[in-house]
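See structure below.
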Amino acid sequence: MSERLRRQLAARLARPRRLFVTPGGDELDAWCREHPGTAVELIVSARALHELVVEPGLPLPDLDAVQAYAQQQFAHYFGAAAQRFAVAPWRVAGRSGASALHGLDLAALQARASAAQVRLVRVRPAWSAWLASLPASVRAATGRLVWHEGSDGDVTVVVIEVEQGRVGALQLRRLHRLGDLGGATPLALGSPADSLAPQPGPAVPQPDFLPRGTRSPLAWPLAVTGALVLATAGWSALESRRALEVAQAARDRVAQLRAAAPATPRPAARSRSEPAENRSAAEARALLGMPWEPLLSRVETAGAEARPIAWLGLDAKAGRGELRLEGLTPDRLLALQLAEQLGTTPGWSQVVLSRFSTAETGLVGQRFEIVARVPAGGGS
């Protein structure tokens, strides 16, 4: 298995760690050099953001509508430059708004992470992560919360007005010093040095700059399944290798004894009891040699297009080039469409929905099974 694939699987299974990034994103470059094959959540400095809270009552029924409205507003205030902004909408407790990323190039961040096999889990404003880390009693109060960055002479603050747990306003301001904030004493002050571990309590805005269509719930189960398959294959290969070494040593010893013994008439046929490479070793090598990266990516992509699909398992018979997928769906038609989509994949053949039944107790939906012929493993 290639080093690149190992890192990609490790990144899928890794628990995300938080990284605070400022305009330019140099912090991510250093992270990628030191932590290849990991997962990271980027916490974005207020200095790289613009903020908008939508006036109550506007007919914006969903996040797509909020995002379109926010893009118009940012274009009105910032002109042509706003076309390059990544916009992350949010909607909580009847209020909505959006953050715009102007000090960082999202596509460049994704490219840098991908080159190092680092998985970007989320890219969100620092004030949002801090707000989620506050105690429930503070988040449910009415007053001002202040996120601040920098030191005297150059302080950036985000003033968050909350009304019984709802965000009523967000103000991004530059100050000479924090003492220039004025007004009543804030309910809480936060900075990049604070712990940002989320706490239970009222829901808070969670804008995320990663495109919503790229965050698939299928990634984790498929990554875990793939890792288990590869781990099992690796262990089987190791055990089989040891068995072959023992068998080879036995054959060598027998050859030595025969060479030292008096010559005897040669039998007409070779004994069929001579040790041979066992089938588990061949299967293990085939498993290791299967093109897991495109296989898992294709299954994940097709499943995301056929939402809501919940994957339950994956089984491969590498020697025969056979793949079996199990999942849950609320509708038989979705499973049929998924099988049809997978059937259009180059190299895939005989893709059929082989089983469909009511899910067992504890699972919601209809259980289905898809079997397919896929490229067999040819080596590591």
Problem set entry | ASP29, ASP208, ASP62, ASP152, ranked by accessible area, largest first (probe 1.4 Å) | ASP152, ASP62, ASP29, ASP208
Exercise. So which trypsin sites (Lys or Arg not before Pro) in the stretch 135-197 pass both tests, a DSSP loop state and at most 16 other Cβ atoms within 10 Å of the Cβ?
Worked result: ARG177
Seminar exercise, completed: In units of 2.2 N^0.38 Å, the Cα radius of gyration of the stretch 3-190 is 1.10
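Suppose R0 equals 35 Å; then what is the FRET efficiency for LEU333 and ALA80 from their Cβ-Cβ distance, rounded to the nearest 0.05?
The computed FRET efficiency comes out at 0.20.
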Exercise. Which FRET efficiency value, to the nearest 0.05, do you get for ASP105 and PHE356 by plugging their Cβ-Cβ distance into 1/(1 + (r/R0)^6) with R0 = 56 Å?
Worked result: 0.75
Exercise. Which FRET efficiency value, to the nearest 0.05, do you get for LEU58 and SER137 by plugging their Cβ-Cβ distance into 1/(1 + (r/R0)^6) with R0 = 30 Å?
Worked result: 0.45
Exercise. Check GLY190: other-chain or 5+ apart residues with amide H under 5 Å from its amide H, H built from backbone geometry?
Worked result: VAL146, TRP147, HIS148
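The values are calculated or read from the model by the stated rules, or taken from the named source; none is laboratory data. Here the structure is a predicted model, which is why all the values come from computation and not from measurement. Backbone-built Cβ (ideal geometry, glycine too); neighbour counts: all protein chains shown. SASA here: full protein model, heavy atoms, side chains in, ligands and nucleic acids out. Shrake-Rupley method; radii C 1.70, N 1.55, O 1.52, S 1.80 Å.
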